[in-house]
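Please treat every number below as a calculation from the coordinates, not as lab data. This structure is a prediction, so every number in the text was calculated from the model and none was measured. Cβ sites come from the backbone with ideal geometry, for glycine too, and all protein chains shown count toward neighbours.
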Amino acid sequence: MKGALTPEAAAGLIPEGASLMIGGFMAVGTPERMIDAIVARGVGGLTVIANDTAMPGKGIGKLISAGLVTRVIASHIGLNPETQAKMISGEITCELVPQGTLIERIRAGGMGLGGVLTPTGLSTEVEEGKQVVEVEGGRFLVETPLKADFALIGAWQADYIGNLSYLLTAHNFNPIIALAGRMVIAEAESIVPVGVIPPDAVKTPGVLVDHLLIRAA
Amino acid sequence: MDAKELIARRVAREIAPGSLVNLGIGLPSLVANYVPASLGVFFQAENGVIGLGARPPEGMEDSHLTDAGGGFVTAVPGAASIDSAMSFGLIRGGHLDMTVLGGLQVDEAGHLANWKVPGKMVPGMGGAMDLVTGAARVVVAMQHAARGQSKIVPRCTLPLTALRRVDLVVTDLAVIEPTAAGLILRERAPGVSIEEIRAATEGALVVPDDVPEMALA
C-alpha cells in the first residue's frame, strides 16, 4: 500500500486508452467517487471490463454517458440503453461474455493461469473462433485470461494497510479483480485502524492494494 | 388469475424441499411467492447471495443487498454472501439443484433461446448460458406465444443459450417435457383443450393418452 489519494489524484494516474476492471453488479459495490473523478478528468478511449454497465447516471453508466469508453467486455448491458445505442452506432465495441466465464477469465488472469476450460457457450455464438478441447471425455471451450491496467474496487471497510472487507451482494467481482489489475485502487465506505477488520473477514489482503481513496468528505 | 401467476404457481410445484434454486429476473422471480418457507428452499441470486428473501419494508432497504435485477431484497436466516466466482462455481459445477428461466423460443430438441434477438435486442447473456449449462434441472417459464407467434418451435431461429436440453417448459397453456423422443405434452392449463394447445404450438407435440389439468401451488 502506497498511501491514500484524493479521487482527483487517483484519477490522474489513469491515462488515455487505459483498461479498467471495475467492481460492481448493477452499481452495487462500484467505487462511485472514483468514477466521478474519472468523469471529471475526462480522459477517453477507455476499455471497461466489468459484469455490466449499470444504468445511466449510476456507476459505470456515468463513464458511458460521458463518452469516455470505447470498448466494453461485460456479460450484460441490457439495463443500460445508452451502452446498447453506442454499440449499435459503433461508438463502443462490445464483447459479451457469459458471466461465469467472465469472472473465471479474470480469475485466470489474476492467478497466473493460461486460461479457462468451460462447457459454457459450447455450440452457441460464444464458441465462434475459439478452440474446443476434449478432457476426460468432456468438451470444453478454451477461454483466455483477462488482465487490466487498473482494478477499481468498491469495498465496505479498509484498514490503513489496505485490507478490505465487503458487505452482502457488494462482493461480486471486487475480490477477484483485485488480483487482475496491474494497479489496484480501492475506495472504501470507511477506513478503520489495523486490527479492526478480523483476519478472517479480510477478503482482499492489503498486499494486493496499491492505493486507497481518502475517506469521503 | 393472470397468465404469469398461473405459470409461477405451476412452476412452484416443481421445487423440491431443501433444494438450492436460482430464479431468473422477471416472470421466474414470481415463483418464490408460491413456495412456502416451511419447504426450506434456498434461493440463489447470481450476483452473490444464497438465501434470498422477500422485498424489505419500505424505507429499510440496504444498498448492499440486491437481486440479480438490481432490486432490493432481504436475506433469510442461514443466508451466505459469496463473490461471483463462487456464485458461478455453484452454478456451473452442478451444485445448483434447479434454475427457472424465461424463454424466447424452445424447440423440438429442447433447446432454449433466451438471450438475443439479432438486430433488435442484444442485452447480453448475463448468467443464462452458465445456468442452462450447469444447473441440475432447467425449467423454462414463459408465455406460450408472443404477439400471436408460438414460442414452441420446430427449430430455434434465435441464437441458442446452450446445447443442453431443458428439462421442463411451463406456459400459460401447457406443461411440456422435452425428451429424446420429442416434446411430450404432460399437462393442460385449467380449461384448455389439447386441440387448443396444438393450434397454439408450432413445434410437433407428442400427446399421451392422458393429459391431466395442471395442479397449482
Angle check, please: helix A:32-41 long axis (alpha carbons) against the longest principal axis of chain A (alpha carbons), in degrees 0 to 90, nearest 10. 90 degrees
Compute the helix-to-body angle for B:3-12: its Cα long axis versus the longest principal axis of chain B, expressed 0 to 90° and rounded to tens. 70 degrees
Choice from A:Ala186, A:Ala85, A:Ala66 with maximal GNM fluctuation in chain A (Cα, 10 Å cutoff): A:Ala85
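Quick one: grab the alpha carbon gyration tensor of chain A, order the square roots of its eigenvalues as a ≥ b ≥ c, and give me rounded if a/c is under 1.5, else prolate or oblate depending on whether a/b is larger than b/c.
Oblate, because a/c is 1.5 or more while a/b does not exceed b/c.
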Shielding by other protein chains, B:72-84, mean Cβ within 10 Å: 4
Taking amide hydrogens as modeled 1.01 Å from N in the peptide plane, which residues meet the under 5 Å criterion relative to B:Arg188, leaving out close sequence neighbours? B:Val175, B:Glu213, B:Met214
Chain A: relative contact order in percent, alpha carbon pairs under 8 Å with at least 6 residues between: 24 percent
When ranked by the protection proxy of mean other Cβ atoms within 10 Å per residue, highest first, what sequence do the peptides A:36-42, A:111-117 form? A:36-42, A:111-117
Count, for each residue of A:27-37, the Cβ atoms from other chains sitting within 10 Å of its Cβ, then give me the mean as a whole number. 2
Could you please state, rounded to a whole Å, how far the C-alpha centre of the stretch A:82-113 is from the C-alpha centre of the stretch A:192-214? 28 Å
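Would you mind telling me the antiparallel percentage of the DSSP bridges in the protein assembly as shown, rounded to 5?
40 percent
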Taking neighbour Cβ counts within 10 Å as the exposure measure, how do B:Asp130, B:Asp172, B:Asp67 sort from fewest upward? B:Asp172, B:Asp67, B:Asp130
Might you report the magnitude of the Cβ-based charge dipole of the stretch B:3-206 about its Cα centre, with Lys and Arg at +1 and Asp and Glu at -1, to the nearest 20 debye? 460 debye
Please report the spacing between the Cα centers of the stretch B:131-204 and the stretch B:73-128 in Å, no decimals. 17 Å
Along the charge dipole of the protein assembly as shown, pointing to its positive end and built from +1/-1 on Cβ of Lys, Arg, Asp and Glu, which listed residue (A:Leu5, A:Ile35, B:Gly148) has its Cα farthest out? A:Leu5
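Please sort A:136-148, A:10-22 by packing, taking for each peptide the average over its residues of neighbouring beta carbons within 10 angstrom, highest first. List each step's numbers first, then the result.
Details: A:136-148: 15.7, A:10-22: 19.7.
Order by mean packing, descending: A:10-22, A:136-148.
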What is the Cα convex hull volume of the stretch B:112-164 when expressed per residue in Å³? 92 Å³
Measuring from its Cα centre, chain A shows a charge dipole (+1 at each Lys and Arg Cβ, -1 at each Asp and Glu Cβ) which, in debye to the nearest 20, is 340 debye
Summarise the partner chain shielding of B:85-96 as one whole number: the mean count of Cβ atoms from other chains within 10 Å of each residue's Cβ. 4
Limiting things to C-alpha atoms, what are the Rg and the maximum Cα-Cα separation (Dmax) for the stretch B:3-206, in angstroms? 16.9, 52
For chain A, take the longest principal axis of its alpha carbons; what is the angle in degrees between that and the long axis of helix A:99-110, to the nearest 10 within 0 to 90? 60 degrees
Counting DSSP beta bridges with both partners in chain A, what percentage is antiparallel, nearest 5? 30 percent
Dipole magnitude of the stretch A:134-217 about its Cα centre (Cβ charges: Lys, Arg +1; Asp, Glu -1), debye to nearest 20: 140 debye
